[in-house]
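Take a look at the structure below.
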Amino acid sequence: MMNYLKIANIISNSESMLINDISRQILKKCILDCKLNAVVEDVKVYNLDSNYDYDAYIIKKEDSIKYSYLIDALEIEENRLIVLEDSKENILLNVGKLYRLENQMKGKKIVVANIQKINYDITKEKFDWVYEQLEISLQILLNKGYKIKIFSISKEEESIENKKLCEDFVYKFQNKNIQYYRDVQSVVKYIDVIRDAEMSINLSMDANILCAALGKPFITINLDRSYTNFCKKFGLNDVIYNIDEINVGKITNKIFSSKSMFECQQIEKLINLSYEKNTKVIEEKLKVIKVKEKTKSIRSIRNISNNKIYKLNKNSINKLELGCGKNPMPGWIHLDYMNLSGVDVVANLDTCDKVPLPFEDNTIDEFFGSHVIEHISKPLPMMEELHRIAKPGAIAVFRCPYGSSDDAFENPTHVRQYFLHSYGYFSQPYYWREDYGYKGDWKVNKVTLFLSKKRYQYKSKEEIFFEINSYRNVVLEMMVELIALKPIREQKKELQTPDNIEFVLVDM
């Protein structure tokens with residue numbers, strides 16, 4: 001039986017899914033070219049845990065410096081940590097070893113524009129000027145029969161903001177020939193978007209690097225020194241414009257006069273040198289590493305090995321029932337701690353701080369948990385993990401006993417009690433005084449309290465609140481609706497949202 005090395009590709013939480021996908025594909029090609037038997041898994045740096053038992057860990061130099069305290073805490077054997085000394089820029093250029101675009105004949109009249117938030121120190125006036133010139137330029141192109149593709153390369157925490165920016169940008173034109181391409185999260189999807197384009201207009205450095213590596217003509221704006229240095233390095237000074245100089249004429253003239261592809265021997269040379277350098281480092285390290293004996297228990301690895309990764313179509317509506325028990329709801333994905341009939345995913349929600357749930361990021365639209373959360377001793381890691389797999393704006397509904405009811409205490413498996421404001425602590429603004437390292441952000445959209453109709457149908461809201469805060473067993477059950485916010489908000493008290501509490505009177 002052939003032994004395979006199990007390799008963790010340590011990815012940064014601050015990178016986009018597209019960039020992480022490219023780094024994984026490049027790493028796989030390096031290993032394949034080294035003729036090594038290995039499987040590669042992406043592991044986010046904050047999800048690293050000493051229980052994983054990987055044979056090797058590969059990380060970029062800048063990330064190894066940034067997260068050195070986390071890596072040190074894992075006590076990884078020195079020979080099992082492989083640090084790629086190359087810069088992120090050079091590593092991304094290696095995408096040119098994975099894909100080659102065909103030299104398309106000019107005349108398809110397609111332009112792509114990389115629209116996203118500009119995270120550089122420029123004034124709002126200059127920001128507005130850039131977008132105004134871009135809007136006018138694209139309108140001219142539309143008038144001349146061009147098709148425009150809009151997309152963004154978004155970091156996870158910026159995905160909602162950039163999505164809205166792109167949608168608003170496209171909406172202004174009211175033209176079917178300009179379209180927003182969502183979820184450009186893989187190199188294959190990115191290639192599909194830019195393949196037939198005559199030109200790419202870029203507002204991100206990552207987009208510039210990818211275009212240069214693939215030979216796709218582009219123009220960009222000098223947002224900071226890295227843009228200038230990159231273009232100067234490869235003699236691309238004619239594709240970059242200062243903010244004060246950019247205007248409609250320069251953008252459109254560049255597009256009308258562009259070639260369908262460009263070649264730069266300097267870029268080709270650097271791609272080859274960088275790829276060979278990274279491949280050599282990986283080969284030398286991995287050839288002397290022996291496959292570790294895996295020591296984890298069946299229970300501790302069940303989330304990731306037994307279920308593998310539960311693949312979902314991100315374009316579908318995916319609904320996850322937490323703790324479905326013996327009565328799973330039709331039409332939902334069923335998750336439970338026990339391997340019961342009808343359970344799709346066996347996972348322990350109380351070990352989310354050590355073992356991630358077997359779902360990809362941003363895949364779930366709805367969550368429902370009925371009388372589950374009060375059984376979880378470590379709810380913050382669970383809510384952070386649910387936030388990771390939630391799509392931006394996903395809804396999570398939890399039903400549980402109210403904290404001052406006998407039901408909250410009588411069951412010995414109930415380890416937490418929840419009150420009116422308890423769920424607020426699954427958001428960021430509630431940590432304005434202290435920071436416990438929690439990275440999720442769930443906005444409380446509505447709290448529903450179920451009360452005895454016979455007892456409270458004639459009482460005012462104020463009287464009911466007084467009794468809730470004064471006596472036991474007033475609330476029969478509580479239901480809370482949460483919304484996943486991405487990017488997460490700042491830890492500021494003023495960002496807390498007002499209570500939206502609803503009373504439902506029921507017959508007992």
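Identify all residues within the stretch 243-270 that are in a loop (DSSP other than H, G, I, E, B) and over 17 Å from residue 232 (Cβ atoms); write none if there are none.
As a first pass, look at the stretch 243-270 and keep what is in a loop (DSSP other than H, G, I, E, B): 243-247, 257-264.
Those that are in a loop (DSSP other than H, G, I, E, B) and over 17 Å from residue 232 (Cβ atoms): 243, 244, 246, 247, 257, 258, 259, 260, 261, 263.
Quick one: how many residues across the stretch 148-185 are of a type outside the set (Ser, Thr, Tyr), assigned to a loop (DSSP other than H, G, I, E, B) and under 22 Å from the mean Cα position of the chain (by Cα)?
Going through the stretch 148-185, the residues of a type outside the set (Ser, Thr, Tyr) turn out to be 148-151, 153, 155-158, 160-170, 172-179, 182-185.
Restricting the remaining residues to those that are assigned to a loop (DSSP other than H, G, I, E, B) gives 153, 172-177, 182-185.
From what is left, the residues that are under 22 Å from the mean Cα position of the chain (by Cα) are 153, 182-185.
Count: 5.
Candidates are the residues of the stretch 207-226 that are surrounded by fewer than 19 Cβ atoms within 10 Å (Cβ to Cβ) and under 26 Å from the mean Cα position of the chain (by Cα); the one that is modelled with the highest pLDDT is 226.
Every residue, every condition in (1) modelled with pLDDT of 90 or more; (2) assigned to a helix (DSSP H, G or I); (3) basic (Lys, Arg), yes or no:
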residue: 434; (1), (2), (3): no, no, no
residue: 450; (1), (2), (3): yes, no, no
residue: 486; (1), (2), (3): yes, no, yes
residue: 491; (1), (2), (3): yes, no, no
residue: 498; (1), (2), (3): no, no, no
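Just wondering, is there one or more residues in the stretch 17-38 that are part of a strand (DSSP E or B), buried (at least 17 other Cβ atoms within 10 Å of the Cβ) and modelled with pLDDT of 85 or more? So that I can check it myself, show each step before the final result.
First pass over the stretch 17-38, keeping only residues part of a strand (DSSP E or B): 38.
Checking the rest, the ones that are also buried (at least 17 other Cβ atoms within 10 Å of the Cβ) come to 38.
Now restrict to residues that are modelled with pLDDT of 85 or more: none.
Looking for residues that are part of a strand (DSSP E or B), buried (at least 17 other Cβ atoms within 10 Å of the Cβ) and modelled with pLDDT of 85 or more, one finds none in the stretch 17-38, hence no.
Taking the numbered list (1) in contact (Cβ under 8 Å) with a residue 12 or more places away in the chain; (2) loosely packed, with under 11 Cβ neighbours inside 10 Å; (3) within 30 Å of residue 436 (Cβ to Cβ) in turn, residue 498 passes all entries but (1). Which residue pairs have Cβ atoms closer than 7 Å, lie 6 or more positions apart in sequence or on different chains, and pair a first residue in the stretch 434-457 that is in the same structural domain as residue 422 (by TED's automatic domain parsing) and loosely packed, with under 12 Cβ neighbours inside 10 Å with a second residue that is modelled with pLDDT under 90 and not small (Gly, Ala, Ser)? As it stands, the answer is 454/508, since those pairs meet every condition given. One residue stands out among those in the stretch 391-432 that are among the charged types (D, E, K, R) and part of a loop (DSSP other than H, G, I, E, B): the one that is farthest from residue 315 (Cα to Cα), which is 406. Are any of the residues in the stretch 126-147 in a strand (DSSP E or B), surrounded by 18 or more Cβ atoms within 10 Å (Cβ to Cβ) and not hydrophobic (A, V, I, L, M, F, W, C)? Taking every residue of the stretch 126-147 in turn, at least one turns out to be in a strand (DSSP E or B), surrounded by 18 or more Cβ atoms within 10 Å (Cβ to Cβ) and not hydrophobic (A, V, I, L, M, F, W, C).
The values are calculated or read from the model by the stated rules, or taken from the named source; none is laboratory data. Values in this document were obtained by computation on a predicted structure and should not be read as measured data. Cβ: placed from backbone, ideal geometry, glycine included. Neighbour counts: every protein chain shown.
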